1. Which net charge results for the neighbourhood of T214, defined as the other residues with beta-carbon distances under 13 angstrom from its beta-carbon, given Lys and Arg at +1 and Asp and Glu at -1?
2. Are there chymotrypsin sites (Phe, Trp or Tyr not before Pro) in region 201-303 that DSSP marks as loop and that have at most 15 other Cβ atoms within 10 Å, and which are they?
3. Using Stokes-Einstein with the Kirkwood hydrodynamic radius over Cα pairs, what translational diffusion coefficient do you get for the chain at 25 °C and a viscosity of 0.890 mPa s, in µm²/s rounded to a whole number?
4. Which whole-number value in Å³ per residue fits the convex hull of the alpha carbons of region 191-303?
5. To the nearest 20 Debye, how big is the dipole of region 204-303 about its Cα centre, given +1 on the beta carbon of each Lys and Arg and -1 on that of each Asp and Glu?
6. So if I place +1 on the C-beta of Lys and Arg and -1 on the C-beta of Asp and Glu, and nothing else carries charge, what would the dipole magnitude of the chain be about its Cα centre? I want it in debye, nearest 20.
7. Can you give the percent of C-alpha pairs in region 74-117 whose distance is more than 14 Å?
8. What share of the DSSP beta bridges in the chain is antiparallel, in percent to the nearest 5?
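None of the figures in this text is laboratory data; all of them are computed from the coordinates on show. Just so you know, these numbers come straight off a predicted model, no measurement behind them. We place every Cβ from the backbone using ideal geometry, glycine too, and count neighbours over all the protein chains shown.
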Amino acid sequence: METIEKTSDVFIVGGYFCDLVFTGLPELPRLGHEVYSKEFHLIPGGVYNAAIALHRLGINVIWPCMFGDDPFSQYVKNEAIKEGVEARYFSDLDHPSLHITAAFSFHDERAFLSYSDAEPKIGYADLIRLTHPRWIYLTRLFLGEALELLVDAGRSIGAKIFMDCQAHSHSLVEIKVQEALRMVDVFSPNRAEAEKLTGNEKISEMLGALAKYTPVVIIKDGAHGSYLKQDQRVIHQPANSVSVIDTTGAGDNFDSGFIYGQIKGFSMEKCLQIGNFCGGLSAQGFGGTSTSPTERQVLEYFS
């Protein structure tokens with residue numbers, strides 16, 4: 001039996017992506033037409049965004065990730081190490097492991113085209129029990145046994161579970177979705193994802209439908225800010241006024257800011273404010289982390 005490590009703050013589940021970000025597009029690409037962007041950026045992405053956002057906020061992050069011997073994997077791995085993310089939980093594969101996204105970014109929204117190689121499974125549950133995180137951060141909608149294993153490991157060491165949603169094809173009428181939401185402490189979709197899940201268009205109805213299953217529900221609504229429902233209380237925090245360049249990773253930065261606030265013991269209102277600040281600031285640069293704030297920036301802003 002391995003020796004238990006010191007307690008960590010946040011354990012993040014998920015792999016890297018390498019983002020090819022096209023900005024300044026006149027329109028989305030269409031079949032039979034060629035579209036030129038005004039700018040292009042090659043940027044680390046995927047769960048890298050959340051790992052870096054939390055690390056910059058002074059949070060002790062555990063990010064188990066596998067990297068292939070291909071240039072994209074090595075680029076993202078090296079960028080994470082340069083940022084100071086703990087590399088002892090990284091694994092090297094002796095073959096390519098491609099996870100690539102082409103992001104078509106507009107002023108207030110974006111579209112993605114992605115490719116991902118299959119890779120060996122990581123023993124997340126064992127690592128959770130080894131590292132004793134305070135929070136487990138799931139950056140997408142997990143369902144079924146995959147979620148049960150993570151939650152069981154988390155509950156065994158007293159961790160709380162935060163789950164984002166990301167693009168999905170599921171509905172709240174599915175029993176497996178209801179069961180998944182019952183397992184987590186915080187569920188944080190954006191407005192489009194919440195609409196798709198619930199079939200509702202009003203924020204109040206979406207919050208009400210999701211809060212039947214999860215103790216804390218957050219809906220990220222871009223320029224309209226964020227909404228939270230806990231028990232019978234609904235909180236709305238307006239968004240910060242920012243000049244948006246690229247919204248890629250804004251949700252990851254919001255989540256990271258909220259989790260940071262929870263770890264520091266702030267109120268739900270303050271946690272939403274910090275989330276809005278982090279998400280808004282990240283949208284002022286290309287990719288998910290080029291302008292992610294540090295803890296010092298957060299503290300100075302709210303002082």
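1. Net local charge, T214 excluded: 0.
2. Here the sparse-neighbourhood loop sites are F302.
3. D = 125 µm²/s.
4. That works out to 99 Å³ per residue.
5. Charge dipole of region 204-303: 220 debye, to the nearest 20.
6. Once rounded to the nearest 20, the dipole reads 840 debye.
7. The calculated P(r) of region 74-117 puts 64 percent of pairs beyond 14 Å.
8. Here the antiparallel bridges make up roughly 50 percent for the chain.
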